[in-house]
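Undergrad: One structure is given below, represented as structure tokens, and several questions about it will come after.
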Amino acid sequence: MENLILIAPPLAGKGTISKILENMYGYRCISTGVLLRREIKINGKYRKRIEQKQLNGELIDDEIVNELFEQELKKNTRHFILDGYPRNINQAKHLDELLNQLDIEINKVILLDISYDLAHKRLLGRCSCPKCKKVYNTESDELKPKFENLCDECKLPLEKRLDDNEETLKKRYDNYETITKKVISYYEEKQKLYWVDSSISTSKTIEQIKEILGEIHD
């Protein structure tokens, strides 16, 4: 079983794909979004800085993200998926140093690719359950809730994220184009990068990833 990194522009479905792989194979998913939300929830030392950055559509400081991921990785080093980290070259190099200390290797880096136009369409429909945090999308037949605006599991009204707006999406996508694409080149040079078309259905996206992981054989 291999350790993975998922890299993607906004709204490419990293969280959904990570959760599916976690359930299918028993990966431990370590998500930037989850770590940041937890820091806010527990009123951690970085709460105010995180909230302000998120509202402005800005990337969170390396100092914060590196520390949160380092703490999480040291808790349990079993096979994992990194969702949303690293997002720039400094984070990638910090991660290399940390993994070297822990004697862990990243085996594959999977790029979930979508266009800005599709990201914008998905933004309009994205919502989640305030309790179980399951993510839905009213613009996707696969991800629609069974009953309009209600969580399938908790039966609670679904909520929109505060940072789900067009201005924030534009900033986040611009950051991806100018900053995160350098990370893609970094892992491509290491011959660890695998490209996946995430513009189609979730099931087709998973099929591509299973091929990369060697689960489907002709």
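Undergrad: Filter region 154-181 down to residues that are out of contact with any Pro (no Cβ under 7 Å at 6 or more places or on another chain), closer than 22 Å to residue 38 by Cα and modelled with pLDDT of 90 or more, then give me how many there are.
TA: Looking only at that region, the number is 2.
Undergrad: If you go through region 25-57 one residue at a time, how many are more than 25 Å from residue 187 (Cα to Cα), touching a residue at least 24 places away in the same chain (Cβ under 8 Å) and exposed (fewer than 15 other Cβ atoms within 10 Å of the Cβ)?
TA: Total meeting the criteria: 2.
Undergrad: On to the next question. In this structure, does residue 181 turn out to be without any contact (Cβ under 8 Å) to a residue 24 or more places away in the chain and under 16 Å from the mean Cα position of the chain (by Cα)?
TA: yes
Undergrad: Now, a different point. In region 21-35, what count of residues is obtained for those that are among the small types (Gly, Ala, Ser) and over 14 Å from the mean Cα position of the chain (by Cα)?
TA: Going through region 21-35, the residues among the small types (Gly, Ala, Ser) turn out to be 26, 31, 33.
Next, from what is left, pick out any that are over 14 Å from the mean Cα position of the chain (by Cα): 26.
The number of residues fulfilling the criteria is 1.
Undergrad: Listed residues 140, 128; which is among the hydroxyl-bearing types (Ser, Thr, Tyr), at pLDDT below 90 and within 30 Å of residue 203 (Cβ to Cβ)?
TA: 140
Undergrad: While we're on this one: Taking region 147-178 only, how many residues are hydrophobic (A, V, I, L, M, F, W, C) and surrounded by 15 or more Cβ atoms within 10 Å (Cβ to Cβ)?
TA: Count: 4.
Undergrad: Just one of (1) in a loop (DSSP other than H, G, I, E, B); (2) free of Cβ contacts under 8 Å to residues at least 60 places away in the same chain trips up residue 163, so point out which.
TA: (2)
Undergrad: Ok, one more. Here are 95, 124: which of them is of a type outside the set (Phe, Trp, Tyr), surrounded by 18 or more Cβ atoms within 10 Å (Cβ to Cβ) and closer than 23 Å to residue 37 by Cβ?
TA: Details: 124 fails: surrounded by 18 or more Cβ atoms within 10 Å (Cβ to Cβ).
Being of a type outside the set (Phe, Trp, Tyr), surrounded by 18 or more Cβ atoms within 10 Å (Cβ to Cβ) and closer than 23 Å to residue 37 by Cβ holds for just one of 95, 124, which is 95.
Undergrad: Does region 199-211 contain at least one residue that is under 19 Å from residue 15 (Cα atoms), acidic (Asp, Glu) and in a helix (DSSP H, G or I)?
TA: Taking every residue of region 199-211 in turn, at least one turns out to be under 19 Å from residue 15 (Cα atoms), acidic (Asp, Glu) and in a helix (DSSP H, G or I).
Undergrad: Given (1) among the acidic types (Asp, Glu); (2) under 17 Å from the mean Cα position of the chain (by Cα); (3) over 29 Å from residue 207 (Cβ atoms), where does residue 103 come up short, assuming only one miss?
TA: Evaluating residue 103 over (1) among the acidic types (Asp, Glu); (2) under 17 Å from the mean Cα position of the chain (by Cα); (3) over 29 Å from residue 207 (Cβ atoms) leaves (2) as the failure.
Undergrad: Now for a separate question. Give me the residue from region 106-128 that is assigned to a strand (DSSP E or B) and in contact with a Leu (Cβ under 8 Å, 6 or more places away or on another chain) and, out of that set, nearest to residue 187 (Cα to Cα). Spell out the reasoning first.
TA: Just the residues of region 106-128 that are assigned to a strand (DSSP E or B), to begin with: 108-113, 126-128.
Those left that are additionally in contact with a Leu (Cβ under 8 Å, 6 or more places away or on another chain): 108-112, 126-128.
On the way: 108: 9, 109: 7, 110: 10, 111: 10, 112: 14, 126: 30, 127: 32, 128: 32 Å.
Ranking the candidates gives 109 first.
Undergrad: Kindly provide the set of residues from region 95-144 that are within 16 Å of residue 15 (Cβ to Cβ) and among the hydroxyl-bearing types (Ser, Thr, Tyr), ordered by number.
TA: Scanning region 95-144 gives 128, 136, 140.
Undergrad: What are the residue pairs meeting all of these: first residue in region 96-125, first residue under 17 Å from residue 72 (Cβ atoms), second residue in a helix (DSSP H, G or I), Cβ atoms under 7 Å, and 6 or more apart or on different chains?
TA: These pairs meet every condition: 98/70; 98/73; 102/73; 106/99.
Undergrad: Still on this model: Can you tell me which residue among 131, 144 is surrounded by fewer than 18 Cβ atoms within 10 Å (Cβ to Cβ), touching a residue at least 24 places away in the same chain (Cβ under 8 Å) and part of a loop (DSSP other than H, G, I, E, B)?
TA: 131
Undergrad: Same structure again: Take the residues in region 66-92 that are of a type in the set (D, E, K, R), crowded, with 16+ Cβ neighbours inside 10 Å and not in a helix (DSSP H, G or I); name whichever of them is farthest from the chain's Cα centre (by Cα).
TA: My answer is 87.
Undergrad: Out of the residues in region 9-57 that are assigned to a loop (DSSP other than H, G, I, E, B) and of a type in the set (Ser, Thr, Tyr), state the one that is modelled with the highest pLDDT. Quick ask: steps written out before the conclusion?
TA: Let us first name the residues in region 9-57 that are assigned to a loop (DSSP other than H, G, I, E, B), namely 9-13, 26-27, 42-46, 56-57.
With of a type in the set (Ser, Thr, Tyr) added as a condition, the list becomes 27, 46.
Numbers: 27: 91, 46: 94.
Within region 9-57, the match that is modelled with the highest pLDDT is 46.
The values are calculated or read from the model by the stated rules, or taken from the named source; none is laboratory data. None of these values were measured; they are calculated from a predicted model. Here Cβ is always computed from backbone atoms with ideal geometry, including for glycine, and neighbour counts include all displayed protein chains.
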